[in-house]
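Shown next, in structure tokens, is the structure this report addresses.
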Amino acid sequence: MNAARNLLPWFRLFRLPNLLTVPGDPVAGFLLAAGTGLTRNHLLPLLAAAGASLGLYVFGLILNDLLDVATDARERPDRPLPAGEITVPQARMAAIAAALSGLNLAATAGRAALLIAAALAGLIVLYNAVLKRIPVVGVLTMGLCRGLSLMVGAVTACPGLWTQPDVSRLPVLLAAAGLSLYVAAFSVLALREAEPDAVRHPSVRWLPLITLSFTLPTLFAMMAAQGRIGSGIGPAFGVFLMTLALLQAWLTGGPLHSVLPVPELVGRHICNLLRVQACFCAATGIGGILPAVCLTALSFAFVPLAKRFYSS
């Protein structure tokens, strides 16, 4: 019990429920680029890619709190750093450890993965130091970080992705772009939390749904045209997942938008990331069904975990 209590500030610093959404990025990218289902030989590089993305995500979270500690002391004094539950030197060492772990794991996944991970790490630093204060550029950068996370998995599966014919790499690029824009779209809500009228403007509330409404059907159509989605249970399950993801985006942008507080709206979009990743996996055919099922299960576990964790 004492150990769990001691770890709780770190879990809050890492925003533990949000970490559930991170490994699905490289997993989806890996499957989209691999062109086949997962095999035993894929396990180690895929785990390395997922660990790299997770390490760099944690690095970004800690760096965000380190650079905003003065602001949090005024506006969010219950955060672990201003509350004194974690010291600044401890958080700094944890950030360095997370960054180095992420880059080392990326190196295990391959040279191409390391290059993408290094670009991601640099973008994380740039975002937290400068870009997040620039309204449009900040949210686009945040989204691009998730797109690069997907690309870490893609180049792990196919290091020569950029030399492949355009038709082979288009699904990966579409998924990365769609994921980036979706994250940027709902991040606008988080950044405008202090402006209730702004976040209810139609141009903001419907952006996540518009993004997914284009990305997901286009990806499935593209994979079907390439003969990669197959027939039978795979496409049916994919359509079911796509319906879930679009329905959640519609509910959050429509009926729930006027009744839920902004943090809960953003939380629902974050949870929906897992369904989007599941759609990406399902679009790869029968080999992507198991990862898609796991990600969908995590999406149903996310909400009660988030409620329990953030209310503790």
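From the list Arg275, Arg308, which residue is surrounded by 16 or more Cβ atoms within 10 Å (Cβ to Cβ), of a type in the set (D, E, K, R), in a helix (DSSP H, G or I) and out of contact with any Lys or Arg (no Cβ under 9 Å at 6 or more places or on another chain)? Reasoning before the result, please.
Numbers: Arg308 fails: surrounded by 16 or more Cβ atoms within 10 Å (Cβ to Cβ).
Answer to the check: Arg275.
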For this session: Under 6 Å between Cβ atoms, at least 6 apart or on separate chains: pull out the pairs that start in the range 131-155 with a residue that is closer than 19 Å to Leu63 by Cβ and basic (Lys, Arg) and end on any residue that is open to solvent by 30 Å² or more (accessible area, probe 1.4 Å) and modelled with pLDDT of 95 or more.
Result: none
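Return the only residue of Leu305, Leu260 being within 19 Å of the chain's Cα centre (by Cα) and more than 20 Å from Gly153 (Cβ to Cβ). Spell out how you get there, then give the answer.
On the way: Leu260 fails: within 19 Å of the chain's Cα centre (by Cα).
Among Leu305, Leu260, only Leu305 is within 19 Å of the chain's Cα centre (by Cα) and more than 20 Å from Gly153 (Cβ to Cβ).
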Seminar exercise, completed: Going through the range 263-295 in order, the residues found to be among the β-branched types (Val, Ile, Thr) and over 15 Å from the mean Cα position of the chain (by Cα) are Thr284, Ile286, Ile289, Val293
Seminar exercise, completed: Scanning the range 188-206 for residues that are open to solvent by 60 Å² or more (accessible area, probe 1.4 Å) and in a helix (DSSP H, G or I), the one modelled with the highest pLDDT turns out to be Leu191
Exercise. Mind checking which residues of the range 85-106 are more than 13 Å from Asn64 (Cα to Cα) and surrounded by 14 or more Cβ atoms within 10 Å (Cβ to Cβ)?
Worked result: Glu85, Ile86, Gln90, Ala97, Ala98, Ala99, Ser101, Gly102, Leu103, Asn104, Leu105, Ala106
Seminar exercise, completed: Leu150 passes all but one of the listed conditions (1) closer than 25 Å to Phe220 by Cα; (2) modelled with pLDDT under 95; the exception is number (2)
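Kindly indicate whether any position in the range 78-86 is over 19 Å from the mean Cα position of the chain (by Cα), closer than 30 Å to Ala185 by Cα and without any contact (Cβ under 8 Å) to a residue 12 or more places away in the chain. Talk me through it step by step, then tell me what you get.
Of all residues in the range 78-86, those over 19 Å from the mean Cα position of the chain (by Cα) come to 78-86.
This time we only want the ones that are closer than 30 Å to Ala185 by Cα, so: 78-82.
Those still in the list that are without any contact (Cβ under 8 Å) to a residue 12 or more places away in the chain too: 78.
Looking through the range 78-86, at least one residue is over 19 Å from the mean Cα position of the chain (by Cα), closer than 30 Å to Ala185 by Cα and without any contact (Cβ under 8 Å) to a residue 12 or more places away in the chain.
Every residue, every condition in (1) surrounded by 15 or more Cβ atoms within 10 Å (Cβ to Cβ); (2) touching a residue at least 24 places away in the same chain (Cβ under 8 Å); (3) part of a helix (DSSP H, G or I); (4) not polar (S, T, N, Q), yes or no:
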site	(1), (2), (3), (4)
Pro208	yes, yes, yes, yes
Met222	yes, yes, yes, yes
Met242	yes, yes, yes, yes
Thr252	yes, yes, yes, no
Ser258	no, yes, no, no
Thr296	yes, yes, yes, no
Ala301	no, yes, yes, yes
Problem set entry | Set Leu8, Leu47: member being part of a helix (DSSP H, G or I) and modelled with pLDDT under 85 | Leu8
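The values are calculated or read from the model by the stated rules, or taken from the named source; none is laboratory data. Just so it is clear, the structure is predicted and the values come from calculations on it, not from any experiment. Using ideal geometry, Cβ is built from the backbone for each residue, glycine included, and neighbour counts are taken over all protein chains shown. Protein only, heavy atoms only, side chains kept; ligands, DNA and RNA dropped before computing areas. Shrake-Rupley method; radii C 1.70, N 1.55, O 1.52, S 1.80 Å.
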